[in-house]
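Let me begin by presenting the structure, written as structure tokens, before commenting on it.
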Amino acid sequence: MRADRRHFMGMTMATAGLAALSPGWAFAQGTSELKPITGNVVPISSAERLSRIARAQELMRAQGISALLIEPGASLIYFTGVRWNRSERLTAAIIPVEGDIAIVTPHFEEPSVRESLNVPGEVRVWHEDQNPLAIAAGFLRDRKLRGPVGIEETVRFFAFEGLSKAMPGVKLVDGAPIVRGCRLIKSAHELALMQTASDITIGAYRHTASRIEEGMSPADIGAIMNDATRALGGQPGFALILLGEASAYPHGNGKPQQVRKGEVVLMDCGCTVEGYQSDISRTFVFGEANAEQRKVWNEMHRGQEIAFAAARVGRPAGSVDDAVRAYYEKLGYGPDYKLPGLSHRTGHGIGLDGHDPVNLVRGEKTLLAPGMCFSNEPGIYLPGKFGIRLEDCFYMTAAGPHWFSTPPPSLGNPFG
């Protein structure tokens, strides 16, 4: 569960300077026994990206779309390899229905863009006194692409509006069916990268768990987790640590937190390997758990099993969420998204984005198919008390779902 974490991650980062004075920091350096497990990792090749572009072009032809506009983000990386941050200065890719792509970027950024461009393509530059969308329109005209232009679903409005003004006679349409038609189904190579990312996160959890001490803060625990992740070869993505009552709120609250005996520790962490993500949550009690904590942990663990069993090829993604909610309501939680109970979706897609489309949420009609990847995290939250969230990701196969990380067997053995 990664969305909306930035606020809480920001608070953790703001207190990171104090970590050097706290007990957890010393442990964060104790990773000499950890070795990278990324020795067999193979980056995505130019040939693979070209096959993705070819697939997008095939979908464009089928839907009568002449080109696709993409801004920086996971889709730009997916098709071109270009890793870039969005700013008020437009950098964008145009995938035409035939032929090589184009990148539109500021003149002074061209060398940097070319560094990560992993496929053949034309780079069209614009100067500070020029309209970048007019440059994009010029490419489309030169290629005689006058049919509908697909707009990737995360493209900002100013780019949409600017292209519309630069080419008033061209219809702009939703490009999501093209992009999702490529990215929703992961290749064997993508699954392998995600498996490595998951293995790293589990390894880092096991390293971190035995080093948690009474009095530690979320920043202390996060420092240990992130240091272990780096030692194992991953790039830390996030480390959300919720202690005590804060665990009752899916993304925590702003109150100071410390590890205390008999209270819940909820860890939600992930990393990236070649851009592909892991997202795993574990919840345990520091010290002795009480009867209510054990009860809710077991109920949530069963909810995760029910979600996994409901994920079957050909069924709507929303049916997974429905199955979990039906079980929880029998236990007295909810109903629906009300608390105490499960206030968020059962899971989200995952891949190059921590939250890829589509979601395991009520009403989602997309049919599950081999190669789709999801988180499975039907947490149970008791406001004012505590929350339990176990999160493991899985990918669909023809025979059903397959775990990237295996859920823990019990509250007493939360890391397997």
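The values are calculated or read from the model by the stated rules, or taken from the named source; none is laboratory data. Just so we're clear, the structure is a prediction, and the values are computed from it rather than from any experiment. So basically every Cβ, Gly included, is an ideal-geometry build from the backbone, and we count neighbours across all protein chains shown. Accessible surface is based on the protein model in full, side chains and every heavy atom, while ligands, DNA and RNA are left aside. Shrake-Rupley method; radii C 1.70, N 1.55, O 1.52, S 1.80 Å.
Would you please name the residue that is surrounded by the fewest Cβ atoms within 10 Å (Cβ to Cβ), looking only at residues in segment 374-416 that are among the hydrophobic types (A, V, I, L, M, F, W, C), outside any strand (DSSP E or B) and in contact with a helix residue (DSSP H, G or I) (Cβ under 6 Å, 6 or more places away or on another chain)? So, considering only residues that are among the hydrophobic types (A, V, I, L, M, F, W, C), outside any strand (DSSP E or B) and in contact with a helix residue (DSSP H, G or I) (Cβ under 6 Å, 6 or more places away or on another chain), the one surrounded by the fewest Cβ atoms within 10 Å (Cβ to Cβ) is 415. Checking segment 100-112 against the condition returns no match, with no residue being in a loop (DSSP other than H, G, I, E, B) and surrounded by 21 or more Cβ atoms within 10 Å (Cβ to Cβ).
Can you find a residue that is modelled with pLDDT of 95 or more, closer than 24 Å to residue 150 by Cβ, open to solvent by 50 Å² or more (accessible area, probe 1.4 Å) and of a type outside the set (Val, Ile, Thr) anywhere in segment 27-44? No: segment 27-44 contains no residue that is modelled with pLDDT of 95 or more, closer than 24 Å to residue 150 by Cβ, open to solvent by 50 Å² or more (accessible area, probe 1.4 Å) and of a type outside the set (Val, Ile, Thr). Taking the listed residues 219, 239, 228, the one that is more than 15 Å from the chain's Cα centre (by Cα) and within 25 Å of residue 394 (Cα to Cα) is 228, with no other qualifying. Scanning segment 218-235 for residues being open to solvent by less than 20 Å² (accessible area, probe 1.4 Å) and not in a helix (DSSP H, G or I) gives a total of 2.
Selection of segment 364-385 for residues being out of contact with any Lys or Arg (no Cβ under 6 Å at 6 or more places or on another chain) and on the phi > 0 side of the Ramachandran plot yields only 384.
Considering only residues in segment 246-276 that are open to solvent by 20 Å² or more (accessible area, probe 1.4 Å) and in a strand (DSSP E or B), the one that is nearest to residue 348 (Cα to Cα) turns out to be 272.
If we keep just the residues of segment 45-67 that are in a loop (DSSP other than H, G, I, E, B) and more than 27 Å from the chain's Cα centre (by Cα), which is surrounded by the most Cβ atoms within 10 Å (Cβ to Cβ)?
The selected residue is 65.
A search for C-beta distances below 6 Å between a residue of segment 357-373 that is assigned to a loop (DSSP other than H, G, I, E, B) and any residue that is of a type in the set (S, T, N, Q), counting only pairs 6+ apart in sequence or on different chains, returns 370/397.
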